[in-house]
1. Might you let me know whether the stretch 79-89 holds any residue that is closer than 23 Å to Lys33 by Cα and not polar (S, T, N, Q)?
2. Only one of these conditions is not met by Glu154: (1) closer than 30 Å to Ala231 by Cα; (2) surrounded by fewer than 19 Cβ atoms within 10 Å (Cβ to Cβ); (3) without any contact (Cβ under 8 Å) to a residue 40 or more places away in the chain. Which number is it?
3. Please list, ordered by first then second residue, the pairs with beta carbon atoms under 8 Å, 6 or more apart or interchain, first in the stretch 121-140 and modelled with pLDDT under 95, second part of a strand (DSSP E or B).
4. Filter the stretch 293-313 for residues that are touching a helix residue (DSSP H, G or I) at 6+ places or on another chain (Cβ under 6 Å) and part of a loop (DSSP other than H, G, I, E, B); which is surrounded by the most Cβ atoms within 10 Å (Cβ to Cβ)?
5. Of all residues in the stretch 317-344, which are touching a Phe, Trp or Tyr at 6+ places or on another chain (Cβ under 7 Å) and either exposed (fewer than 14 other Cβ atoms within 10 Å of the Cβ) or free of Cβ contacts under 8 Å to residues at least 24 places away in the same chain (or both)?
6. Select, from Arg260, Arg279, the only residue that is at pLDDT below 90 and of a type outside the set (Gly, Ala, Ser).
7. Of the residues that make up the stretch 173-180, is at least one touching a Ser or Thr at 6+ places or on another chain (Cβ under 7 Å), over 24 Å from Leu278 (Cα atoms) and not assigned by TED's automatic domain parsing to the domain that holds Ile284?
8. State the number of residues belonging to the stretch 306-333 that are out of contact with any Ser or Thr (no Cβ under 9 Å at 6 or more places or on another chain), at pLDDT below 95 and among the polar types (S, T, N, Q).
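The values are calculated or read from the model by the stated rules, or taken from the named source; none is laboratory data. A quick note: this is a predicted structure, and the numbers were derived from the prediction, not measured. No Cβ is skipped: glycine too gets one built from the backbone with ideal geometry, and neighbour counts run over all protein chains shown.
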Amino acid sequence: MNKRRLGSTGIEVFPIAFGGIPIQRVEEEEAVKIIKRAIELGIDFIDTARAYSDSEAKIGKALKGVNKRVYIASKSQAKDKETILKDIETSLNQLEVNRIDIYQLHGVNDKTAFDKVMATGGALEGLKEAKERGLIEHIGVSTHSLDFAEKLMETGEFEVIQIAYNFIETDCEKKILKMAQERGIGVIGMKPFGGGVIENAKIALKYVLKQGYVIPDPGMQSIEEVEENVAIALDSYALTEEELQEIERIKKEFGSVFCRRCEYCQPCPQGVQIPAILRTKDFIKRLPPERLVTGWFYEAYLSGKNCIKCGVCISKCPYNLPIPDLVEKNIQIFEEFLEDLRQK
């Protein structure tokens, strides 16, 4: 098994990482077993975030007594220096470690976020101080925007970048992956299953893994998923003719309805939080129910009720998605989810 190098960081790890979002849905004892099984099978890189509720705490408990090197990446949505330094301290306590290998600015997707984190007193300044103090080893960033992925790499400030990459979202192959490789910036490929819409794990992981410079980090919430993903990572990445045909079939099926989270549709004149609403199935599948019935996602759901089908979003979408119809459909999906919760 050939380990993968994460850019110029010097970090070499198993071909896939352990994505820490779904273990929020799993009881602590089971989550610890899942993580330990992943490590036992060879996974030695775990990616999580402050925003993933108790994910860091579960990972910290799972790492107790582990006598092999496991690299940890976490991230914060903070935009200013003071807040991100507090988040790093919290992450260290939750993970029960003295230093975190990679700490990332979480979700720098637009100009407002970019300007805030890069400004004097911004979150990047906090990461630099944390690195000087030995609290973190490497500075990274995650983004859902390829435009800002390019801009972020051009700053020369980041050693690792995390972008969405799967066989539906392939635009990064045109420029971003090559640019990262040329600059020695490590690439973590988030959402290798398209946020849950791609159910065939084998072809999904093989597609991303064949790009040798990328380390995909599929979220895993069961030992069965861990064992399946590890087996795929240890096998050949060559796609058969049948698998290529299946990829094309899935791309055609979802191509006209799959939101790439580019946010070109925003802002909506009616305040509808379109990208969040179009990911309803993804959030239902990956997040604990209690995180969906209050807070930011519930507010996004409520904003969807303001849609008047004006069509402004359609004119701005580079993929020509029928956004008003998709908003309506996803609102219905979430209301059915709420009704199921009430009946339990």
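1. no
2. Evaluating Glu154 over (1) closer than 30 Å to Ala231 by Cα; (2) surrounded by fewer than 19 Cβ atoms within 10 Å (Cβ to Cβ); (3) without any contact (Cβ under 8 Å) to a residue 40 or more places away in the chain leaves (1) as the failure.
3. So the pair list comes out empty.
4. Step by step, filter the stretch 293-313, then rank; the result is Cys307.
5. Passing the criteria: only Pro318.
6. None of the other options fit; the residue is Arg260.
7. In the first step, residues of the stretch 173-180 are kept if they are touching a Ser or Thr at 6+ places or on another chain (Cβ under 7 Å); the result is none.
No, that holds for no residue.
8. 1
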